[in-house]
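Scroll down for the structure; my scribbles are underneath it.
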Amino acid sequence: MTQTTAEKPTVTMETIVSLCKRRGIVFPGSDIYEGLAGTFDYGPVGAELKQNVKNAWWRSVVYERDDIEGLDAAILMNPRTWKASGHLDTFSDPLCDTRGPSRKRYRADHIEETECTLHRIVDVTEGEPAPVEGGEIWAPNKKKAKEFYQKYWEKYLNLEGRRVKLEQVEGSTRLGRFSPDDGGVLTEPRDFNLMLTTHLGPVLDSAAKVYLRPETAQGIFVNFSNVQSSMRRKLPFGIAQMGKSFRNEITPRNFLFRTREFEQMEIEFFCKPGHLCKPGEWTDEDWLRHWIEERMNWYTRFGIRPERLRLRQQEADELAHYAKATGDVEYLFPIGWQELEGIANRTDYDLRQHMEHSGKDLRYFDPELNDRYVPYVIEPSAGVDRSCLAFLVDAYTEEKVRDDKRVVLKLHRSLAPVKAAVFPLLKNKPELVSMARNLCRELKKDIYAVYDDTAAIGKLYRRQDEIGTPYCITVDVDSLEDQAVTVRDRDTMEQVRLGIDKVRDYILDGLREQ
Ligand code: ATP
C-alpha cells in the first residue's frame with residue numbers, strides 16, 4: 001500500500017449534500033415523490049461537472065494515446081452474456097433481513113458483530129406487568145433499546161398510549177449480528193443477485209427477461225473482434241467505454257458513493273500473456289503496473305491532493321474469481337478511505353468464457369508468432385459518480401475573508417462547470433446590460449459562460465465561488481468609456497482590468513492546462 005499521512009477532509013458529507021442541492025449540482029432522485037433510494041439527479045451545474053469529468057477521462061485515454069479505441073455499446077445485452085461472464089451465478093452479496101419492524105436489509109459483510117442484551121417490552125398499563133408478544137429488542141444498552149422502541153416498535157406493536165417499560169433479561173448478553181436500526185435479530189445471510197431485470201417486448205414471460213448491465217465491461221468483451229478487425233488493431237490495444245450501469249445495491253448510501261444507477265468509465269486493455277512474451281516485451285504484469293500508475297496520475301492531474309489518494313493491493317482472498325491481481329485506487333472521503341477505481345488483471349477469463357458460450361473464436365492472430373491465442377486483459381474500472389464526489393470533496397474550501405466566510409470550490413479549471421460569469425454592475429443601466437450580454441454571447445462561442453444580474457455583485461461572486469467558476473467579469477460604468485472590464489480570479493480573488501477585446505484570449509489562456 002502506498003503510505004500517506006493525510007487527515008480526513010474536515011468537510012462533512014452533509015455539507016457537500018447541502019451545497020449540491022442549494023447550487024443545482026445534485027438533487028435526490030424523484031424529489032417531489034419523497035425520492036427513490038439509491039438514485040440521484042444531476043442539476044444544471046452538476047450535469048456540466050459530470051460531463052467535464054467524463055471528457056477529461058475520454059480525452060486522456062482515447063485522444064492522448066494511440067493504443068485505445070472508444071466504444072458505446074448497448075445497456076441491454078443478450079442474457080447469455082451474463083451467464084458467460086458469471087454474473088448470473090455469482091454476482092451476489094450475502095443479505096440478511098431483520099426480524100424487527102424496520103424491515104431493512106443488510107449486507108452481512110457490512111454488519112459487525114456487537115455485544116447486545118435482550119430487552120423485553122413489558123406493558124404495565126393495567127398495573128400488572130405483561131410481556132408484549134414479539135417485543136424483543138437487542139441493544140448494547142438501555143438508552144439504545146429505548147431509541148429503537150420509540151423509532152419503530154411503538155407503532156408496529158400498536159402500543160401508542162400504553163404505559164410500557166423495557167426489561168433487561170438477565171444473562172442474555174451475547175455477541176452477534178443485530179439490526180442497527182431496530183435491534184431485531186438478523187436472519188442467516190443468503191445470496192442476493194444484484195442485477196436488475198426488465199422484460200423486452202409485450203409479453204412478460206421469463207423468455208423475455210433481460211438484465212440492466214451491472215458493468216460496462218461485457219459490452220467491450222463481446223465487441224473485441226469487431227473492434228480489432230474493423231480498426232485493424234494489433235496487440236496491445238485497449239477499448240474504452242463510459243456509460244450507465246445498474247446494481248440493486250442492498251444498502252445504497254453515502255450520497256453519490258453507492259447508488260443503484262451509476263456511470264462507469266472502463267477500459268479493457270488487451271495484451272499478450274506473459275508466458276508468450278519475448279525477453280524485453282511488456283507482459284500483462286507490466287501493463288498492470290503501467291495502468292495503475294496512469295490512473296493514479298489522472299486523479300492528481302485533475303486536482304486531487306496526492307496525500308488523499310492511495311493504492312491498495314487486494315489480498316489473495318479478496319480477489320474476484322477472474323482476477324490474477326487487483327490494485328484499488330482509494331480516496332480519503334469524509335467517510336474514510338474508500339475505493340474510487342479498481343485496476344484488475346482479468347487474464348483471458350472473459351474472452352474464454354464468451355468463446356465457450358457463444359461458440360465464436362475470439363482468439364487473436366499474432367502475425368509475429370504466426371499463431372492464435374486468447375489475449376490477457378487489464379481493466380481499469382472507475383466510477384463517474386464516485387469521481388465527481390471525490391473532486392467535490394477535494395475542491396471544497398472554506399476561507400476567512402475579512403470577517404466573512406467564503407466557500408469556494410477550487411475545482412481544476414477543466415472540470416469547473418461554468419468557466420466564466422459576466423455581470424453588469426448596475427442592472428438598470430441598459431448600456432451596461434447590453435455590453436455584458438454581448439460579451440457573454442461572444443465567450444459562449446468558446447466556453448460555457450453565463451450572464452447574471454439577479455443580485456448585488458458581492459452575492460453574485462459568492463454564488464460563482466460556490467460552484468467553482470474560475471472567472472467573474474464585471475462591466476461597470478467606466479467600461480462604457482474605456483471599453484475595459486474587471487476580471488476576478490476565483491482562487492486569488494485578484495482583479496485585473498482588461499480591454500474587452502482581450503478578455504476571450506485571457507480566459508482561454510488561463511483555462512488551458514499547464
Ligand atoms: P464496491 O466494493 O464499493 O461495491 P466494486 O468493487 O463492486 O465496488 P467494481 O465492480 O470494481 O466495484 O466497479 C468499478 C467501479 O465502479 C468502482 O470502483 C466504483 O467507482 C464504481 N461503482 C461500483 N458500484 C457502484 C455503486 N453502487 N455506486 C457508484 N459507483 C459504483
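At a 1.4 Å probe, what is the % contribution of carbon and sulfur to the accessible area of the stretch 70-111?
Here carbon and sulfur together make up 49 percent of the probe-accessible area.
When Lys and Arg each count +1 and Asp and Glu each count -1, what net charge do the other residues less than 11 Å away from K444, Cβ to Cβ, add up to?
+3
Is the C-alpha gyration tensor of the chain telling us rounded, prolate or oblate? Criteria: a/c under 1.5 is rounded; beyond that, a/b larger than b/c is prolate, otherwise oblate. Could you put the intermediate results ahead of the total?
Working: a/c = 2.17, a/b = 1.14, b/c = 1.90.
It comes out oblate by the Cα gyration axes.
Over 31 Å between Cα atoms, which of K8/K405; K50/K151; K429/K502; K54/K444; K324/K360; K143/K410 qualify?
Pairs exceeding the cut-off: K50/K151; K143/K410.
Measuring from label point to label point, each 7 Å out along Cα→Cβ, what is the T15 to F27 span in nm?
Here the answer is 2.6 nm between the modelled labels.
Please calculate the 1.4 Å probe accessible area of T454, with all protein chains present, and give it to the nearest 10 Å².
90
With n ≥ 4 as the cut-off for DSSP H runs, can you work out [θ] at 222 nm for the chain, using -39500 (n - 2.57) per run divided by the number of residues, rounded to the nearest 500?
Theoretical 222 nm ellipticity from helices: -7500 deg cm²/dmol.
Let's see if you can work this out: charge +1 on each Lys and Arg Cβ, -1 on each Asp and Glu Cβ, no other charges. What is the dipole magnitude of the chain about its Cα centre, in debye to the nearest 20? All intermediate terms of the calculation are to be shown ahead of the outcome.
On the way: 76 positive and 85 negative charges, 188 e Å.
That gives the chain a dipole magnitude of about 900 debye.
Give me the percent of accessible area attributable to carbon and sulfur for the stretch 435-514, probe 1.4 angstrom.
That share works out to 47 percent.
Report the local net charge at G43: Lys and Arg +1, Asp and Glu -1, summed over other residues whose C-beta lies under 15 Å from its C-beta. Could the numbers behind the result be given before it?
Details: positive: K21, R22, R23, K50, R463; negative: D31, D41, E48, D385, E466.
Neighbour charge sum, excluding G43 itself: 0.
Each residue of the stretch 398-415 in order: what ³J(HN,Hα) in whole Hz does its phi give by Karplus 6.51 cos²θ - 1.76 cosθ + 1.60, θ = phi - 60°, with x for Gly and Pro?
Once rounded to whole Hz, the list reads 10, 10, 8, 10, 6, 9, 10, 9, 10, 9, 9, 8, 8, 5, 4, 4, 5, 8.
Roughly how many Å² is the accessible area per residue of the chain, as a whole number, for a 1.4 Å probe?
Roughly 50 Å² per residue, with all protein chains present.
Using amide H atoms built 1.01 Å from N in the peptide plane, name the residues 5+ places from Y448, or on other chains, whose amide H lies under 5 Å from its own.
Result for Y448 returns K419.
Using packing as a proxy for protection, rank 466-473, 279-286, 126-133 so that the peptide with the highest average count of other Cβ atoms within 10 Å comes first. Before the final figure, lay out each step's value.
Numbers: 466-473: 24.1, 279-286: 13.6, 126-133: 10.8.
My ranking of the peptides, most packed first, is 466-473, 279-286, 126-133.
Quick check: the distance between the Cα centres of the stretch 1-74 and the stretch 225-241, to the nearest angstrom?
29
So if I place +1 on the C-beta of Lys and Arg and -1 on the C-beta of Asp and Glu, and nothing else carries charge, what would the dipole magnitude of the stretch 195-281 be about its Cα centre? I want it in debye, nearest 20.
Values: 12 positive and 8 negative charges, 45 e Å.
Using Cβ point charges on Lys, Arg, Asp and Glu, the stretch 195-281 gives about 220 debye.
On full extension of the chain, what length is gained from R103 through S358, given 0.36 nm per residue of separation minus the C-alpha to C-alpha distance?
On the way: separation 255, 0.36 × 255 = 91.80 nm, distance 4.17 nm.
The R103-S358 span can extend by a further 87.6 nm.
Can you tell me how much longer the chain between R162 and V122 gets when fully stretched, taken as 0.36 nm per residue apart minus their C-alpha distance, in nm with one decimal?
13.4 nm
The values are calculated or read from the model by the stated rules, or taken from the named source; none is laboratory data. Just so it is clear, the model here is predicted, and its values are computed rather than measured. Neighbour counts are summed over all protein chains in view; Cβ atoms, including those assigned to glycine, are modelled from backbone coordinates with ideal geometry. The accessibility values were calculated without ligands, DNA or RNA, using every heavy atom of the protein model including side chains. Shrake-Rupley method; radii C 1.70, N 1.55, O 1.52, S 1.80 Å.
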